[in-house]
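Below: one structure, written as structure tokens.
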Amino acid sequence: MGRVTPLLTSLKTLNITYQTPQETLLGTPETLPTTEPATPQIGYTIAEADLPTFSITPYQKKFIATIIGAGKVVTAATIYYRMKKNGVSVNTSSSSVSANNYYTWNCNFYDVAVGDVLELALWSNQTDSNWDYKAYHTRVSRLILLAKPRLLIPCNFAALESRPVLTLGTAQPSSSPAVLYPYHLDKVLPSISAAILYESLYPQDTYGLFRVNYGDYYYSNGSTSARTSPTYRPYYDRGYVPAQLIMRGLRID
């Protein structure tokens, strides 16, 4: 008896649209307290409008959010932070900042959803440190387009973008965007930073088709990077994300 269903699906094009980051630059910097504040200075509640959108609804995905907080020290200082998700501490640490330098905390939250409350508290061991900049953006990771069939022939990462793009203050991204990590059978492939066509990929449940760097691969949940500069504020992390994926599914059941 012949096969009733076709061997291959139609060619599917998934376009991913990322939202413009939320940014705020205070007109007057606020002095940092010398102990952890009871109420974090920076907070965002994730809304549907903050998340990437998809031209085809994916079977599986994880969202990554990053909060950025920045300011300046006068006297050389140690700047502390605490990340919270829905009122629960995710991570806390500190970093030294030289006199008359700006600092930027890039704080990553893995697997966030609409309604989650993300917060960042800042304080200093000096009385003349301040903060005056905050931002927030989201990305997608561990995406699987199809429930079945899973074997993709081919899978074309047709377009990558570098995200986020920040504009307020003296915004400066890190020297080069972080690479993207594709997966086949839950095995990581060589990282990519440009469009690439794979003859076949099989995304499994754990990692899907790819993982982004910040917030998942190297800089996982609760991870942060602290950047300092005499000039740049914010001095921020950015990384490659897929903007378009083109694929066919092969039926092997």
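Residue by residue through region 236-248, note down the ones that are buried (at least 22 other Cβ atoms within 10 Å of the Cβ) and assigned to a strand (DSSP E or B).
Across region 236-248, the qualifying residues are Tyr236, Gly239, Tyr240, Val241, Pro242, Leu245, Met247.
I need the full set of residues from region 170-181 which are in contact with a Phe, Trp or Tyr (Cβ under 8 Å, 6 or more places away or on another chain) and surrounded by fewer than 19 Cβ atoms within 10 Å (Cβ to Cβ), in order please.
So the first thing to find is which residues in region 170-181 are in contact with a Phe, Trp or Tyr (Cβ under 8 Å, 6 or more places away or on another chain), and the list is 170-174, 177-181.
Hits for region 170-181 are Thr170, Gln172, Pro173, Ser174, Val179.
Working only within region 182-235, note down all residues that are of a type in the set (A, V, I, L, M), surrounded by fewer than 16 Cβ atoms within 10 Å (Cβ to Cβ) and not in a loop (DSSP other than H, G, I, E, B).
Those that are of a type in the set (A, V, I, L, M), surrounded by fewer than 16 Cβ atoms within 10 Å (Cβ to Cβ) and not in a loop (DSSP other than H, G, I, E, B): Val188, Ile196, Leu197.
Spot the failing condition for Thr57; the list is (1) in a loop (DSSP other than H, G, I, E, B); (2) touching a residue at least 12 places away in the same chain (Cβ under 8 Å), and only one is missed.
The one condition Thr57 does not meet is (2).
Restricting attention to region 27-53, report how many residues are surrounded by fewer than 15 Cβ atoms within 10 Å (Cβ to Cβ) and either touching an Asp or Glu at 6+ places or on another chain (Cβ under 9 Å) or at pLDDT below 95 (or both). Steps first, please.
The initial filter retains those residues of region 27-53 that are surrounded by fewer than 15 Cβ atoms within 10 Å (Cβ to Cβ), namely 27-31, 34-39, 45, 47-49, 53.
Now drop any that are not either touching an Asp or Glu at 6+ places or on another chain (Cβ under 9 Å) or at pLDDT below 95 (or both), which leaves 27-31, 39, 45.
Counting residues in region 27-53 that are surrounded by fewer than 15 Cβ atoms within 10 Å (Cβ to Cβ) and either touching an Asp or Glu at 6+ places or on another chain (Cβ under 9 Å) or at pLDDT below 95 (or both) gives 7.
The values are calculated or read from the model by the stated rules, or taken from the named source; none is laboratory data. The model shown is predicted, which means the values in this text are computed figures rather than measured ones. In this analysis, Cβ positions are derived from the backbone assuming ideal geometry, glycine residues included, and neighbour counts consider all displayed protein chains.
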